[in-house]
Amino acid sequence: MSKRIVIYPGTFDPLTFGHMDIIQRAATLGDELIVAVAANAGKGPLLSVEERTELVAAECRRLNGDGTVMTPIRVLNFSNLLTDFARAEGASIIVRGLRAVSDFEIEFQMASINKRLHGDLETVFLMASEHQHFVASRFVKEVNRFGGDISSFVPASVVRKMKGLGGDES
């Protein structure tokens, strides 16, 4: 029997507790989880792909290290089509998180395109937990930009990284 590899792709700019919740739950769906950090320069990320990859990797090492997640997690970055990346890594499942009904339409379209490009790749949607459904990276960046406290939205490593990137605009 072949190993079931799950991919959870995203920009993770920045990594939030909502992302961490999906990572923990996605890890239960296969034998290995790849958290795929998209370069996605078109979105104008605040942090470089290398910075985002390292932040995600550090948090995933913690999850594996403290026994929170038993499934091996690899963190890689990519800048090509997700379907090509998935094929190269031998993945059969893409996990996408949904925060609200408004997320579903675009995610459904992306899943349909991915299925057309790679017929053996299934997309699984996980609903954000009730405590995290309102957290979006763009809001975290906005709060940080104006000097607000982001510590209830992101891991401490992200708070430290983002200090100095925001600041009070007044």
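The values are calculated or read from the model by the stated rules, or taken from the named source; none is laboratory data. Computed from a predicted structure; not experimentally measured. Here Cβ is always computed from backbone atoms with ideal geometry, including for glycine, and neighbour counts include all displayed protein chains. Remember, those area values only see protein heavy atoms, side chains included, never the ligands or the DNA or RNA. Shrake-Rupley method; radii C 1.70, N 1.55, O 1.52, S 1.80 Å.
The calculated FRET efficiency for the pair R4 and S152, based on their C-beta separation and a Förster distance of 35 Å, comes to about 0.55.
Considering only N114, I93, V143, and ranking their Cα positions along the charge dipole of the stretch 1-157 that arises from unit charges at the beta-carbon of Lys, Arg, Asp and Glu, the one farthest toward the positive end is N114.
Highest mean packing comes first when the peptides 113-126, 21-34 are listed by Cβ atoms within 10 Å, giving 21-34, 113-126. Take the Cα of D66, step 7 Å toward its Cβ, do the same at L81, and the gap between the two points is 4.0 nm.
Once the Cα-Cα distance is subtracted from the 0.36 nm per residue extended length, the F125 to L98 segment shows a gain of 9.1 nm. Entry note, the chain: the mean residue ellipticity at 222 nm calculated from DSSP H runs of n ≥ 4, each adding -39500 (n - 2.57), is -12000 deg cm²/dmol after division by the residues and rounding to the nearest 500. Listed peptides 151-157, 8-14 appear in the order 8-14, 151-157 once ranked by packing, highest mean of other Cβ atoms within 10 Å at the front.
Quick check: Cα centre of the stretch 99-139 to Cα centre of the stretch 1-79, how many Å? Value for the Cα centre distance between the two parts: 15 Å. In whole percent, what relative contact order does the chain give with Cα contacts below 8 Å and a gap of six or more residues? The normalised contact order for the chain reaches 27 percent.
Annotation: per residue accessible area for the stretch 114-162 equals 61 Å², rounded to a whole number [probe 1.4 Å, protein chains only]. Across every direction, the projection of the convex hull enclosing the Cα atoms of the chain has a mean area of 10.1 nm². Less than 14 Å apart at the alpha-carbon level, and either on another chain or at least 8 residues along: which aspartates and glutamates does that give for K115? Within reach: D84, E107. How much of the accessible area of the stretch 1-144, in percent, comes from carbon and sulfur atoms when a 1.4 Å probe is used? Of all accessible area on the stretch 1-144, carbon and sulfur atoms account for 56 percent. Binning all Cα-Cα separations of the stretch 38-97 at 5 Å, short to long from zero, yields these whole-percent fractions: 4, 15, 20, 23, 24, 11, 3, 0.
Simple rule: put +1 on each Lys or Arg Cβ and -1 on each Asp or Glu Cβ in the stretch 1-126, find the dipole, and look at L15, I5, N80; the Cα lying farthest toward the positive end is I5.
Based on protein heavy atoms only, the stretch 3-113 ends up with 46 Å² per residue of surface accessible to a 1.4 Å probe.
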